[in-house]
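Below: the structure, in structure tokens.
The values are calculated or read from the model by the stated rules, or taken from the named source; none is laboratory data. Every value quoted in this text rests on a predicted model; they were computed, and no experiment measured them. So basically every Cβ, Gly included, is an ideal-geometry build from the backbone, and we count neighbours across all protein chains shown. Remember, those area values only see protein heavy atoms, side chains included, never the ligands or the DNA or RNA. Shrake-Rupley method; radii C 1.70, N 1.55, O 1.52, S 1.80 Å.
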Amino acid sequence: ARIRPTLVVQRDAATEIRTLFLGPLVPRPALALLRGGALPVLPLPAGLELQFVHADDVGDAVVRILDRRAVGSFNLAADALDIDELAALLGARAVPVPPGSVRAAVVALYAAHAVPVSPGWYDVALNTPVMDTSRARDELGWVPRYSSTEGARELLDGLADGVVGPTAAMGA
């Protein structure tokens, strides 16, 4: 069997996610302010939809695969969040921005070594289709306990609190 999870989130992954995607450009106090709803508007690429899956839900799916000796591929994801729902995570209102303009900003920030996320990662985020998880639901009886919003909130809290995971792979 193979699993294909979307971005796996949990509080303990904060340092790893910060290292991979944010870098030093966004200081921890700014993340704490964002968590508190201090941002009235959030410019986001028009058409962006993101899905997350909580690490506990991935673990549950793996146990179900092993118990059933399931074969094949299983997509693992919670619900998709559009730009309005993503902005609402921060207590903000989404302002749609042309995706090409955001990409140009990512290219410039990446070239200046201000963010670690490459333009390629931006392209993946913008162009990845919403995952169909019906096979995991039907064959494994798998239903994520955490919504994308709940998983993202947990991760944002970990980012704001500067949480370092318990293993070397997660920043310890």
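If Pro166 passes every condition in (1) under 21 Å from Leu42 (Cβ atoms); (2) open to solvent by 30 Å² or more (accessible area, probe 1.4 Å) but one, which one does it miss?
(1)
If Tyr122 passes every condition in (1) open to solvent by 40 Å² or more (accessible area, probe 1.4 Å); (2) free of Cβ contacts under 8 Å to residues at least 24 places away in the same chain; (3) within 13 Å of the chain's Cα centre (by Cα) but one, which one does it miss?
For Tyr122, the failing item is (1).
When residues of the stretch 46-62 are filtered for being within 12 Å of Leu76 (Cα to Cα) and either of a type in the set (A, V, I, L, M) or outside any helix (DSSP H, G or I) (or both), how many remain?
First, pick out the residues of the stretch 46-62 that are within 12 Å of Leu76 (Cα to Cα): 51-62.
Then keep just the ones that are either of a type in the set (A, V, I, L, M) or outside any helix (DSSP H, G or I) (or both); that gives 51-55, 58, 61-62.
Here the count works out to 8.
Listed residues Leu20, Leu39, Leu34, Leu7; which is within 15 Å of the chain's Cα centre (by Cα) and modelled with pLDDT under 85?
Values: Leu39 fails: within 15 Å of the chain's Cα centre (by Cα); Leu34 fails: within 15 Å of the chain's Cα centre (by Cα); Leu7 fails: modelled with pLDDT under 85.
Only one candidate passes the filter, namely Leu20.
Mind checking whether some residue in the stretch 101-114 is under 25 Å from Ser147 (Cα atoms), in contact (Cβ under 8 Å) with a residue 40 or more places away in the chain and open to solvent by less than 70 Å² (accessible area, probe 1.4 Å)?
Narrowing the stretch 101-114 to residues under 25 Å from Ser147 (Cα atoms): none.
No: the stretch 101-114 contains no residue that is under 25 Å from Ser147 (Cα atoms), in contact (Cβ under 8 Å) with a residue 40 or more places away in the chain and open to solvent by less than 70 Å² (accessible area, probe 1.4 Å).
If I go through the stretch 63-83 residue by residue, how many of them are surrounded by fewer than 17 Cβ atoms within 10 Å (Cβ to Cβ), in a helix (DSSP H, G or I) and without any contact (Cβ under 8 Å) to a residue 60 or more places away in the chain?
Matching residues across the stretch 63-83 total 3.
Are any of the residues in the stretch 132-153 part of a helix (DSSP H, G or I), without any contact (Cβ under 8 Å) to a residue 60 or more places away in the chain and within 23 Å of Glu16 (Cα to Cα)?
Of all residues in the stretch 132-153, those part of a helix (DSSP H, G or I) come to 134-140, 148-153.
So of that shortlist, the ones also without any contact (Cβ under 8 Å) to a residue 60 or more places away in the chain come out as 134, 137-138.
Retained after the next criterion (residues that are within 23 Å of Glu16 (Cα to Cα)): none.
No, the stretch 132-153 contains no residue that is part of a helix (DSSP H, G or I), without any contact (Cβ under 8 Å) to a residue 60 or more places away in the chain and within 23 Å of Glu16 (Cα to Cα).
Return yes or no: is Ala160 open to solvent by less than 20 Å² (accessible area, probe 1.4 Å) and within 17 Å of the chain's Cα centre (by Cα)? If you could, list the steps in order and put the result at the bottom.
Values: open to solvent by less than 20 Å² (accessible area, probe 1.4 Å): yes; within 17 Å of the chain's Cα centre (by Cα): yes.
So Ala160 passes the test.
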